[in-house]
Amino acid sequence: MEAIFKAELNNDEKRKITAFCGSVEYFAIEQALGFTEILYKARTRYFYLKENDEIKSFCQVNENFKFAHIWYGPVCSDKEILIKSLREIISFYKSQGFWYLGVQMYVKSGYDADFIEYTLSRSNKIKYIFNNENTKSSIEIDLNESSEDIYSKIRKGHKSDIRKAINSGISVEEPKDHNDLKSFTEIYLKMCKARAIRGHTSREIEGICNYIIQNRIGKLLLAKDKSKEIIGGAILVYQGISVRYLISASDPDRRDLPMTHLIIYTALERAKSEGFKYFDFWGYNHFAEKDEQAFNINHFKKGFGGYYTFFAKKMNISLIPFGFDLYRLSLLARKLRGFWKIRKYLAF
């Protein structure tokens, strides 16, 4: 197999990579070509393994100074090929004089994850940290179960809210035009302001929706009240055999209506009817305290039943002696710069 590293891909490579990612059982939206450019600007290096002109593995690597990161990659269905991919990537970045490589694989914990970790640790300096930044987990629902079984596992309060939403005349629909998308974006920004949270910009929300709809790798479901006014919605992404709950928003002035409960339930029903095997709530913060908003989000997600899933822990790989320590120092320096900028601003 031949390892390819490129700063830019030609159209033929893009076509083959897109087809490869669409052929595997699991691949995260973070590895979809063109998606991350919607959210942030970063220097990206593209890697793929090919054999007889057939792609066997693919990965996007984000580069920043002497540090590199892989988010939910490489895309690969074979653990042996995945190991070879990471060995090639580690070797490449060492040769390029990088200090640190962070790898968050899109592999669930278990035999394969352990095998990959043990094999790579034999020849690389890898550190694992047990916190929310380095251990990723989620709530997942098995759509292979009957609709009756799935519904029976939903919390009683959630069932009541689903019925309330239906009885209130709320309908769940896909957007009809750009005005529907604009209305959802406005609700999302309004919600973030009301909750005092830092979210995405309007450009980012519209970019995400347009990307998944145009590429047919997801959908936007909108909640409309009985007068057909949009009051909420959720962005869902297709990741192989799984549907991922990405982003949702509800009108803070309509808190009396549990529209998000009905949206999620509708999304579950549609995902099952469309042949997906799993519904992934994407993210459960086991480190959240009771007074944190993440705790309430956890509670909401767990109310739909499902079970915990855990991804392989993030691999913090030192490419030079103390490479990971240098990376952590850079994070601290960045936080301090942000602190002093805020303090300087307040001084005026």
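The values are calculated or read from the model by the stated rules, or taken from the named source; none is laboratory data. All of these numbers come straight from a predicted model, not from anything done at the bench. Using ideal geometry, Cβ is built from the backbone for each residue, glycine included, and neighbour counts are taken over all protein chains shown.
Would you please list the contacts, defined by Cβ atoms under 7 Å and residues six or more apart or on different chains, that run from a residue in the range 163-187 that is assigned by TED's automatic domain parsing to the domain that holds Arg270 and under 16 Å from Ser227 (Cα atoms) to a residue that is among the hydroxyl-bearing types (Ser, Thr, Tyr) and not in a loop (DSSP other than H, G, I, E, B)?
Every condition considered, the pairs that remain are Val172/Thr266.
Could you count how many residues in the range 39-66 are at pLDDT below 95 and either farther than 20 Å from Val24 by Cβ or among the aliphatic types (A, V, I, L, M) (or both)?
So the count comes out to 7.
Would you point out which residue out of Ile83, Ile126, Ile70, Ile55 is touching a residue at least 60 places away in the same chain (Cβ under 8 Å) and not assigned by TED's automatic domain parsing to the domain that holds Tyr265? Walk me through it before giving the result.
Numbers: Ile83 fails: touching a residue at least 60 places away in the same chain (Cβ under 8 Å); Ile70 fails: touching a residue at least 60 places away in the same chain (Cβ under 8 Å); Ile55 fails: touching a residue at least 60 places away in the same chain (Cβ under 8 Å).
Criteria check complete, one pass: Ile126.
How many residues are under 20 Å from Asn316 (Cα atoms), surrounded by fewer than 20 Cβ atoms within 10 Å (Cβ to Cβ) and either touching a Lys or Arg at 6+ places or on another chain (Cβ under 9 Å) or among the polar types (S, T, N, Q) (or both) when one looks only at the range 47-80?
Final tally of qualifying residues: 3.
With (1) outside any helix (DSSP H, G or I); (2) within 18 Å of the chain's Cα centre (by Cα) as the list, and Ile205 as the residue in question, which single condition is left unmet?
Every condition holds for Ile205 apart from (1).
So Ile166 fits all but one of (1) surrounded by 21 or more Cβ atoms within 10 Å (Cβ to Cβ); (2) touching a Leu at 6+ places or on another chain (Cβ under 7 Å); (3) hydrophobic (A, V, I, L, M, F, W, C); what number is the exception?
Unmet for Ile166, out of (1) surrounded by 21 or more Cβ atoms within 10 Å (Cβ to Cβ); (2) touching a Leu at 6+ places or on another chain (Cβ under 7 Å); (3) hydrophobic (A, V, I, L, M, F, W, C): (1).
Can you find a residue in the range 250-260 that is crowded, with 22+ Cβ neighbours inside 10 Å and part of a helix (DSSP H, G or I)?
Taking every residue of the range 250-260 in turn, at least one turns out to be crowded, with 22+ Cβ neighbours inside 10 Å and part of a helix (DSSP H, G or I).
Out of the residues in the range 269-297 meeting the condition of being assigned to a helix (DSSP H, G or I) and in contact (Cβ under 8 Å) with a residue 60 or more places away in the chain, tell me which one is nearest to Tyr245 (Cα to Cα).
Checked the range 269-297; the qualifying residue nearest to Tyr245 (Cα to Cα) is Ala271.
Pick from the range 140-178 the residues that are touching a helix residue (DSSP H, G or I) at 6+ places or on another chain (Cβ under 6 Å) and assigned to a loop (DSSP other than H, G, I, E, B): which of them is farthest from Val243 (Cα to Cα)?
Residues of the range 140-178 that are touching a helix residue (DSSP H, G or I) at 6+ places or on another chain (Cβ under 6 Å), as a first pass: 143, 158, 161-162, 165, 170, 172, 175.
Add one more test, that the residue is assigned to a loop (DSSP other than H, G, I, E, B), and what stays is 143, 170, 175.
On the way: Leu143: 10, Ile170: 23, Pro175: 19 Å.
The selected residue is Ile170.
Can you confirm whether the range 304-314 contains a residue that is assigned by TED's automatic domain parsing to the domain that holds Asp180 and under 23 Å from Thr201 (Cα atoms)?
No, there is no match, as no residue in the range 304-314 is assigned by TED's automatic domain parsing to the domain that holds Asp180 and under 23 Å from Thr201 (Cα atoms).
Going by what's in this entry, would Leu181 be described as in contact with a Cys (Cβ under 7 Å, 6 or more places away or on another chain) and in a helix (DSSP H, G or I)?
Details: in contact with a Cys (Cβ under 7 Å, 6 or more places away or on another chain): yes; in a helix (DSSP H, G or I): yes.
Yes: the conditions hold for Leu181.
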